[in-house]
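Student: If you scroll down you'll find the structure; I have some questions about it.
The values are calculated or read from the model by the stated rules, or taken from the named source; none is laboratory data. As the structure is a prediction and not an experimental result, all values here were calculated from the model. Methodologically, a virtual Cβ is constructed for each residue, glycine included, from the backbone with ideal geometry; neighbour enumeration extends over all protein chains shown. Each accessible area value is taken on the protein alone, full model and side chains, heavy atoms only, with ligands, DNA and RNA left out. Shrake-Rupley method; radii C 1.70, N 1.55, O 1.52, S 1.80 Å.
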Amino acid sequence: PTVSLLSSRSFTDGVLITQWPKYISSPPETSVEMHCYQNDTDYDYKYWYRQIRGEGLVLIGSYNFNSPSSEKGFETGFTMSGTETKKWTLTVDVKEGIDAVYLCAASLHSE
């Protein structure tokens, strides 16, 4: 069986963030990468969220000033990285039975 990961593109408060790939389907015990890019901004505070069907949006962690910080429950199997201010990446170790939507966000200020 494969596990599907869905990402999306978000536009809020005049901040355009492009997220890719739009859809990923990968077998368990593999890793997948998702990326986000700030089109018009250079915000330092970047976030990743996960939403499993029927559940609320959950913060995976933040990536600020090249320093990732994971939330409880996401310390393993999720790696945040980035090579520049505008672009950041989430690597997920795929587990069987976890279909989810992953979203990213960026902010000028923390929280």
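Student: Can we say Val101 is of a type outside the set (S, T, N, Q) and in contact with a Ser or Thr (Cβ under 6 Å, 6 or more places away or on another chain)?
Tutor: No: the conditions fail for Val101.
Student: Mind telling me which of the residues Thr79, Thr89, Thr41 ends up being farther than 19 Å from Pro21 by Cβ and β-branched (Val, Ile, Thr)?
Tutor: Within the list Thr79, Thr89, Thr41, the selection yields Thr41.
Residue-by-condition table, conditions (1) in contact with a Cys (Cβ under 8 Å, 6 or more places away or on another chain); (2) among the basic types (Lys, Arg); (3) more than 15 Å from Cys36 (Cβ to Cβ); (4) touching a residue at least 40 places away in the same chain (Cβ under 8 Å):
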position: Val58; (1), (2), (3), (4): no, no, yes, no
position: Pro68; (1), (2), (3), (4): no, no, no, no
position: Glu75; (1), (2), (3), (4): no, no, yes, no
position: Lys86; (1), (2), (3), (4): no, yes, no, yes
position: Leu90; (1), (2), (3), (4): yes, no, no, yes
position: Asp93; (1), (2), (3), (4): no, no, yes, yes
position: Glu96; (1), (2), (3), (4): no, no, yes, yes
position: Ser107; (1), (2), (3), (4): no, no, no, yes
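Student: Another one. Of all residues in the stretch 76-111, which are under 20 Å from Tyr45 (Cβ atoms) and among the polar types (S, T, N, Q)?
Tutor: Thr79, Ser81, Thr83, Thr85, Thr89, Thr91, Ser107, Ser110
Student: Let me ask something additional. Out of the strands (runs of 3 or more DSSP E) lying entirely within the stretch 1-102, which hold 3 or more residues that are open to solvent by 40 Å² or more (accessible area, probe 1.4 Å) and at pLDDT 90 or above?
Tutor: Of the strands (runs of 3 or more DSSP E) lying wholly inside the stretch 1-102, those with at least 3 residues that are open to solvent by 40 Å² or more (accessible area, probe 1.4 Å) and at pLDDT 90 or above span 31-38, 45-52, 57-64, 67-70.
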